[in-house]
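Take a look at the structure below.
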Amino acid sequence: MTFNRVARRATIAAGAFAALASGASVARGQQPAAPQLIVFITVDQMRADYFERFLPQLTGGLGRLYRGGAVFTDAHQDHAITETAPGHSVTLSGRFPSHTGIVANIYGVNDPKSPIVDGVGPGASPFRFRGSTLIDWLRVKDERSRALSVSRKDRGAILPIGRARQSAFWFVDGHFSTSKYYADTLPTWVTRFNARKIPQTYAGKLWEPLLPANAYPEPDSVPQENFGSGFQFPHGFPDDPEQTAKLFTEFPQMDSLTAQFALAGLGAMNLGRGPQTDLLAVSFSTTDAVGHRFGPDSRELHDQIVRLDRYLGIFIDSLYRIRDSSRIVFALTADHGVAPYPELHAQREHVPAERVNVGPVLAEFVKRLQAGGVDTNAVDFEEGMIAIDHAAFARSKLKPDEELSKLASALRKVTGVARVDFVRELAHADTAQDVLARRWFHMLPSDTQAELVISLKPYAYYSGVDMATHGTPNDYDSHVPEIFYGPWFTTGKYTKRALVADMAPTLAAIAGVSPIEPVDGRAHLEAIRKP
């Protein structure tokens, strides 16, 4: 049976939904039409609590979506390695990384076999991604459906549309480009946009707070921020235009540029005019850049969110001027959250700051293996996962399980380590109650080579990390926004636990399509208006 035949059999008819809201109307008893455009927004490293924390100052797009949308207040990326690549792989697939195959940034989209079109920057493609995404489901219903996905990051642009050979562009060395997985040359509209050299116009300018100083309760003199230097406003762009273009990703204006590029692409590709449903996926990455450098409690992060709110307001207003607002649905989420600097958290909570150093234990483990005839390359430690080369053990007298058990016992004694689990035992854990086990189980594909996984205690960092970071299965890294906005949704707060994996099935429901494979999420029918 062909792929298309299976997909068509899986497609279900759209349900009837309620009369259009937000200024649109339909006759009594009439079903609202499917959206002509789905706009999916991912804000890289946006914690869910930023909305309530900054809400009085959110007068633009973020505030509009939050106040007028269906907001799931307890939404999570329900996997363990809460990084950009795994999180983006979930957004429009409806599946956990254990099924998308994207388990970490280093195992994300990097691909030297798919070089950048103009030869600048590392190659990238979705060759590791498994399965389908929303654009694939839409094209089963109507092959005219198209997708444009844009981001500052390659993984932020590529993974929301999976393996689909649609249009994906990201910012490379001062301009937008793509890889040869998608095209051999850049479209004319991209070349023209790049020729405007917008980043270069900021050379010599300053990033200063958008609001008056008394609008920011955060101190502006925290030496833990920005690697210990340049942690106070203002922050200057380089004087050289080309250097400004290359460093533009570190400044809030990168999000404005991304929004402008997305609108230019939408117009050039004629997306959202129907009758089919098209997809525009936009991943805004500057919150991640600012959050890493200055932390989630900084004045810079506060200003970044306020600026993003204004940029999104302009983006939405511009979109509504050129497309029918009653036929557009917005969805917003994040790929992960972030933890505060351990030292700042310790000061605030009057607890010790925990920096976790597993290096000595791993070094002793490797030394013991060497003595037993196992090569040092037989052990790999990445992102809290420990893998071994079983063939190397087979050539020695050592037994892998015995050595791994010794390693696990030693690691559990390290200050800041919450637990160490054997991967093979995760499937037998009480994943309904055991959150850490569940998130690791959702993380790792069945063919993973990882044998042990390490979970840190809340707010602990690995030693040597000199920036604010994320990547743990703890709630502050997993808790993200989940918002749907448009005539198909009932405005309000929904407090039941939700998953980012629910978002693609929910959008599929209002578009009148079904996933073409099993998914891990569910459609939020409770938020969809009923006829």
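Quick note: the coordinates plus some simple rules give every number you see, no bench work behind them. Predicted model, so just to flag it, every value in this text is computed and none were measured. Cβ coordinates were reconstructed from backbone atoms using ideal geometry, including for glycine residues, and neighbour counts include every protein chain displayed.
Using the Cα centre as the reference, give the magnitude of the dipole from point charges on the C-beta atoms of the chain (Lys, Arg: +1; Asp, Glu: -1; all else neutral), rounded to the nearest 20 debye.
Roughly 1920 debye for the chain.
As a quick test, which of the pairs LYS113/LYS205; LYS367/LYS457; LYS180/LYS496; LYS153/LYS399 have an alpha carbon distance above 31 angstrom in this structure?
LYS113/LYS205; LYS180/LYS496; LYS153/LYS399
Which ³J(HN,Hα) values, rounded to whole Hz and listed in residue order, are derived for segment 256-266 from phi using the Karplus coefficients 6.51, -1.76 and 1.60 in 6.51 cos²θ - 1.76 cosθ + 1.60 with θ = phi - 60°, glycine and proline given as x?
4, 4, 4, 5, 4, 5, 4, 5, 4, x, 4
Taking H as built 1.01 Å from N, whose amide H comes closer than 5 Å to the amide H of GLU451, not counting residues under 5 places away?
The answer is ILE386, ALA387, ILE388.
Using the Cβ atoms and a cut-off under 13 Å, what net charge is assigned to the surroundings of THR191, where Lys and Arg are +1 and Asp and Glu are -1?
Overall, the nearby charge balance is +2.
Over segment 273-424, what is the mean sequence separation of C-alpha contacts under 8 Å (at least six apart), divided by residue count, expressed as relative contact order in percent?
16 percent
Sorting check: for 329-337, 467-475, 78-86, 383-391, which peptide has the highest mean count of neighbouring beta carbons within 10 Å, and how do the rest follow?
In decreasing order of mean packing, 329-337, 467-475, 78-86, 383-391 become 78-86, 329-337, 467-475, 383-391.
Let me have the relative contact order for the chain, percent, based on Cα pairs under 8 Å that are six or more residues apart.
31 percent
Expressed as a whole number of Å, what is the distance separating the alpha-carbon centroids of segment 390-460 and segment 68-132?
Cα centroid to Cα centroid, the span is 23 Å.
Length gain on complete extension for the stretch ALA387 to PHE233, per 0.36 nm per residue less the alpha carbon to alpha carbon distance?
In short, 51.0 nm is gained.
Roughly how big is segment 394-505's charge dipole about its Cα centre, with Cβ charges of +1 (Lys, Arg) and -1 (Asp, Glu), in debye to the nearest 20?
Here segment 394-505 has a charge dipole of around 240 debye.
Going by amide H atoms built from the backbone, whose H comes under 5 Å of the H on THR82, apart from near neighbours?
Residues meeting the amide H criterion: GLY471, THR472.
Could you tell me which residue out of ALA394, SER151, LEU279 lies farthest along the dipole of the chain toward its positive end? Charges go on the beta carbon: Lys and Arg +1, Asp and Glu -1, centred on the Cα centre.
Value computed over the given set: LEU279.
Once semi-axes √(5λ) of the Cα gyration tensor in Å is worked out from the coordinates, which option in (i) 38, 36, 19; (ii) 37, 29, 24; (iii) 44, 26, 19 does it equal?
Computed from these coordinates, semi-axes √(5λ) of the Cα gyration tensor in Å corresponds to label (ii).
Among all the aspartates and glutamates, which ones have a C-alpha under 14 Å from LYS246's C-alpha, if same-chain residues fewer than 8 places away are not counted?
List returned: ASP173.
Please rank ILE41, ILE135, ILE106, ILE528, fewest neighbouring Cβ atoms within 10 Å first, as an exposure proxy.
ILE106, ILE528, ILE135, ILE41
If I stretch the segment between PHE127 and VAL465 completely, what's the gain in nm (0.36 nm per residue apart, minus their alpha carbon distance), one decimal?
Net length gain for the segment: 118.7 nm.
Which one, LEU444, THR469, PRO505, is farthest towards the positive end of the dipole of segment 444-513 when Lys and Arg carry +1 and Asp and Glu -1 on their Cβ?
Final value for the positive-end residue is PRO505.
Largest first and in whole Å, what are the equivalent-ellipsoid semi-axes of segment 390-511 based on the Cα gyration tensor, each being the root of 5 times an eigenvalue?
Ellipsoid half-lengths, sorted descending, are 37, 19, 13 Å.
Could you tally the net charge around ASP74, taking each other residue with its Cβ under 14 Å from the Cβ of ASP74, Lys/Arg +1 and Asp/Glu -1?
Here the charged neighbours net out to -3.
Explain nothing, just the number: dipole magnitude of segment 375-436 about its Cα centre with +1 on each Lys and Arg Cβ and -1 on each Asp and Glu Cβ, in debye rounded to the nearest 20.
320 debye
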